[in-house]
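Where a number appears in this text, it was derived from the coordinates with a stated rule and is not lab data. Bear in mind the structure is a predicted one, so any value in this text is a computation, not a measurement. A quick note on method: Cβ atoms are made from the backbone with ideal geometry, for glycine too, and the neighbour counts reach across all protein chains shown.
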Amino acid sequence: MVRTPSASLTYDVPMGKRDSKPPYVVRPPTAVLTRGFDPRLSVGSARPAVFRSSTYVFSSPEAAERAFSVALGRARPDAGESVDLIYSRLSHPNAEILEDQIVPLEPGATSAAVFNSGMAAISTTFLTFCAPGSHFIYSTPVYGGTQHLIHQLLEPLGIKGIGVPAHATDELIQTIRDTPELGLVFLETPANPTLAMCDIAACARAVAARAERPLLAVDNTFLGPSFQHPLEFGVDLVLYSATKFLAGHSDMLGGVVLGRDAELLASLRGTRAVLGNILQPDECWILDSRLPTVDLRMVRQSKNAQRIAESLAGHAQIEQFFYPTLLEDPEQIRIRDAQCTAPGSIFAFELKGGKPAAFDFLRRLTIARNAVSLGGVETLACHPASTTHSELSPEELRASGIGPGLVRVSVGVEHYRDLLDDFRAALDALES
Ligand SMILES: *Cc1c(COP(=O)(O)O)cnc(C)c1O
């Protein structure tokens, strides 16, 4: 894990459309604090204000007509044109500020769209780019909500999903090559909860080699935006549950899609306006305030997790440990080194004592809390087989490497020695 961290990449920063200064170039940690927000439009406030209005007063009837033409896709805004806002289900100032400010965090992105949850971002992407009768490919295991969306909503609509194991690169490439009417390839990497990795670059090449090119999307919630940059490998859309690392405090829901092609994001905003799943002004404001610390938190959490994982891995009660620096498969190690700059803060381990040992372990923790979700500043632990992955069949659980004694941990920003003591004490107690 020796590649340059994202914070040192230079990034071209075109100023937001409401700004008068010329384009200039700064690095992401600077850009996230300087672009996309003009204090003069918020009575000089140094940080964005919250605009809770549901509707916006037009500057003239002509401006209203123009705003509707642009919103409904009958016209495109001219370069530098400031189109009037209409109604906050379509967009609102806090969404526009957030969408401008989050772009520099994702290398290669030029445009973003914000949603009221990660699932809203994911379902809007499928519903926008997958036609009834068409196919999509997805990596497995996939987030439980996404799995539910695929089986309970998309398949009954005649949108057919083909699941391929995340680590099976050859099978992914072949399926991408051979599937007719393929609209979308959706990867989640590393996979939840075993951190199996997909070869993003290989999938991007397979997608580009098709005569009719499907879109390639990556759910980058686990390692992005700090440690994995899918757009640099030729991916079209990067999706986030902003509920996790982006917001980082387990106190709000949100979702984001970012991409290089602004037209794709405009299509997503069009579907969003109909579904009504835009992120609300207060949540946009909260998420906006968390962006400057995403990298600080993720780096600290990843360092904590790496120290803890590598110290615990040999414990007598642990059968198998899942963490990017502890991989043994040479192919998985190659993928890791090619596309990740740090191991991240999620690990999982299978306890020899099965489900009773896992429950006992969770009951004994005193710092880490027994909860689902991840990416917050506080450490959380859960038992996937009985909670987040309880919808999987016994065969699916086996195929996904989720055993009865598996515990998943999301490491926070506490002092790692305290966490290590907590985990060790709970593990040692299992022996007696
Ligand atoms: C949590 C999560 C989601 C869903 O996000 P919500 O904000 O809970 O809707 C999707 N993908 C991954 C990888 C997640 O961890």
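In the chain, the sites counted are GluC sites (Glu not before Pro) in DSSP loop states with at most 16 other Cβ atoms within 10 Å, and the longest stretch holding none of them, exclusive of the sites, is 213-327. Checking the a/c ratio against 1.5 first, then a/b against b/c, what shape does the Cα gyration tensor give for segment 188-307? Judged from the Cα gyration tensor, segment 188-307 comes out oblate (a/c at least 1.5, b/c at or above a/b).
Assuming 0.36 nm per residue, please report the length gained on full extension of the stretch residue 81 to residue 68 beyond their Cα-Cα distance.
On the way: separation 13, 0.36 × 13 = 4.68 nm, distance 1.43 nm.
My answer for the length gained is 3.3 nm.
Averaging Cα coordinates gives a centre for segment 210-272 and one for segment 134-197; these two points are 16 Å apart.
Sequentially through segment 391-403, phi angles give Karplus couplings (6.51, -1.76, 1.60; θ = phi - 60°) of 7, 6, 6, x, 5, 5, 4, 4, 4, 8, x, 9, x Hz, Gly and Pro residues having no value and appearing as x.
Computed over the chain, the per-residue total of -39500 (n - 2.57) for DSSP H runs of n ≥ 4 gives a 222 nm mean residue ellipticity of -10500 deg cm²/dmol, rounded to 500. With a ≥ b ≥ c taken as the square roots of the eigenvalues of the C-alpha gyration tensor of segment 299-340, please select rounded if a/c is under 1.5 and otherwise prolate if a/b is larger than b/c or oblate if it is not? Oblate shape, in that a/c is at least 1.5 and b/c is the bigger or equal ratio.
Close Lys pairs in the chain (alpha-carbon distance under 30 Å; sequence gap of 8 or more, or different chains): 7.
Can you bin segment 337-432 into rounded, prolate or oblate? Criterion: square roots of the alpha carbon gyration tensor eigenvalues sorted a ≥ b ≥ c, rounded for a/c under 1.5, prolate for a/b above b/c, oblate for the rest. Walk me through the numbers on the way to the answer.
On the way: a/c = 1.75, a/b = 1.10, b/c = 1.60.
Oblate shape, in that a/c is at least 1.5 and b/c is the bigger or equal ratio.
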